[in-house]
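Each remark here refers to the structure printed beneath this line.
Taken together, the values in this text are just the output of simple stated rules run on the coordinates, not laboratory data. Only a predicted model underlies this, so the values are computations on that prediction, with no experimental measurement involved. Glycine gets a Cβ as well: all are built from the backbone with ideal geometry, and neighbour counts include every protein chain shown.
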Amino acid sequence: MEISIRLATEADFAALNELRRQVNDLHVRGRPDIFRPGFGEKLQQHLQNYFHSDTNSAIAAEAEGCVVGFALVDFIRRPASPYNLPREFYHVAEIGVDPSFQRKGVATALLAYMKRDALARGFGRIELDVWSFNGSALAFYEAAGFHTYRRYMELALDEAPEKPAAART
């Protein structure tokens, strides 16, 4: 199967949003307490921000004459702050591959394109975040060489112990 990767255009709007809907549905199933069910108009229209922009891009993966994968990327350039040094990175905001094309090299081809694009834009790193319930995505990113450098944690207060284990006597 031949996979081609290119910048997406507005002509890809419906196909990209169908893939984005699939990703959204995965997130709703994984964390229904966080993600809104359905794929409403505002979420669909958010894609327009990725066309004709200097600060982000939409990328499409094609195979067998169809868009079968996508990535939405942001070009982050943060100035120094009292807390942090200046930072620049290529951020993968969204990525997805149609389930019938998963494990066929589409995500790998998207990542290869993003690596080249990030380097061409002067970025030295690609960053993304992934939900812990998404085991297949975690496995892919780790196999591709990504590593965890920051972790978000939560504590549901209805499940919290009164004292942390380290503080118990």
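Just to confirm a number: summing +1 for Lys and Arg and -1 for Asp and Glu over residues other than H147 whose beta-carbon lies under 14 angstrom from that of H147, what do you get? Neighbourhood net charge equals 0. Taken as Cα centroids, region 113-140 and region 61-76 sit 13 Å apart, rounded to the nearest whole angstrom. Taking label points 7 Å from Cα along the Cα-to-Cβ direction, T9 and E159 give a separation of 4.8 nm.
A simple spin-label model places the labels of R87 and T55 1.6 nm from each other, with each point 7 Å out along Cα-to-Cβ. With 10 Å bins beginning at zero, the pair-distance distribution over Cα atoms of the chain amounts to 9, 33, 34, 16, 6, 2, 0 %. Please identify, among E94, E142, E154, the residue showing maximal mean-square fluctuation in a Gaussian network model of the chain using a 10 angstrom Cα cutoff. Maximum fluctuation in the GNM of the chain, among the listed residues, is at E154. The residues packed around T55, meaning those with a beta-carbon under 14 Å from its beta-carbon, carry a net charge of -1 if Lys and Arg are +1 and Asp and Glu are -1. Model label points for E142 and L119, set 7 angstrom from Cα along the Cα-to-Cβ axis, are 2.7 nm apart. Net charge within 10 Å of F133 by Cβ-Cβ distance, Lys/Arg positive one each and Asp/Glu negative one each, not counting F133 itself? Combined, the nearby Lys, Arg, Asp and Glu give +2.
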